[in-house]
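Just below is one structure, and these are the notes that go with it.
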Amino acid sequence: MVVAASSDEVLSFLLRVAALPSWNPAISSIKTDDQITQVGRQYSARIRGIIHAKLTISSVTQSEVNYTLTGRGFREEGSWGMQPITASHTIVTHSFKHSGAVLGLMRGAFDEVAAWRVARLGNCFAKA
C-alpha cells in the first residue's frame with residue numbers, strides 16, 4: 001500500500017511503541033516510558049485487554065522493522081517493509097507468521113490482518 005509519508009516518517013511512526021495501541025486495536029496496552037522503541041527490549045503488552053504478551057523489536061534498518069510478539073501458547077514473528085517512491089510517499093508492506101497451539105487453532109482467521117494493519121497505519125498519515 002502506498003502511504004502518504006516519507007519512509008523516514010513511517011519508520012519513526014513504527015518505532016513509537018507506546019503509540020501502538022492507538023492504531024492497532026488488537027494491542028490494548030504497552031507498558032513503557034520509552035518514547036522510541038529500544039531494539040531488543042521486551043515490552044509488556046496486553047492483547048484484546050486480556051492476554052499478556054511480550055513485544056520485542058528485534059531489528060531495524062531504514063527499510064525494515066522486524067518484531068516478535070509472544071505469549072502463552074503463541075508467537076508472531078513479523079516484518080514491516082518501507083520502500084520510498086517519492087520524498088512524500090512510501091510503499092509499506094507487512095507480513096507475519098504465527099506459531100503455537102493457540103494460534104494454530106485459529107488458522108485462517110488472520111488471512112487479512114496484514115492488509116488491515118497496513119491500511120490502519122496509512123490512515124494515520126491520511127489524517128495528518
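The values are calculated or read from the model by the stated rules, or taken from the named source; none is laboratory data. Predicted model, so just to flag it, every value in this text is computed and none were measured. No Cβ is skipped: glycine too gets one built from the backbone with ideal geometry, and neighbour counts run over all protein chains shown.
Taking (1) loosely packed, with under 13 Cβ neighbours inside 10 Å; (2) not in a helix (DSSP H, G or I); (3) not β-branched (Val, Ile, Thr) in turn, residue 22 satisfies each apart from (2).
Residue-wise test of (1) buried (at least 18 other Cβ atoms within 10 Å of the Cβ); (2) among the hydroxyl-bearing types (Ser, Thr, Tyr).
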residue: 6; (1), (2): no, yes
residue: 43; (1), (2): yes, yes
residue: 48; (1), (2): no, no
residue: 53; (1), (2): yes, no
residue: 68; (1), (2): no, yes
residue: 86; (1), (2): no, yes
residue: 95; (1), (2): no, yes
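Filtered by the rule that a residue be touching a Phe, Trp or Tyr at 6+ places or on another chain (Cβ under 8 Å), without any contact (Cβ under 8 Å) to a residue 60 or more places away in the chain and farther than 19 Å from residue 96 by Cα, the range 1-33 gives 19, 30, 31, 32.
Here's a check for you: in the range 25-40, which residue that is part of a strand (DSSP E or B) and among the aliphatic types (A, V, I, L, M) is modelled with the highest pLDDT? First the steps, then the outcome.
From the range 25-40, those part of a strand (DSSP E or B) are 27-31; that's our starting set.
Okay, now just the ones that are also among the aliphatic types (A, V, I, L, M), so 27, 30.
Values: 27: 92, 30: 95.
That would be 30.
Contact map, the range 74-94: residues that are over 16 Å from residue 13 (Cβ atoms) paired with residues that are outside any strand (DSSP E or B) and β-branched (Val, Ile, Thr), Cβ distance under 7 Å, separation 6+ or inter-chain. Pairs shown: 74/102.
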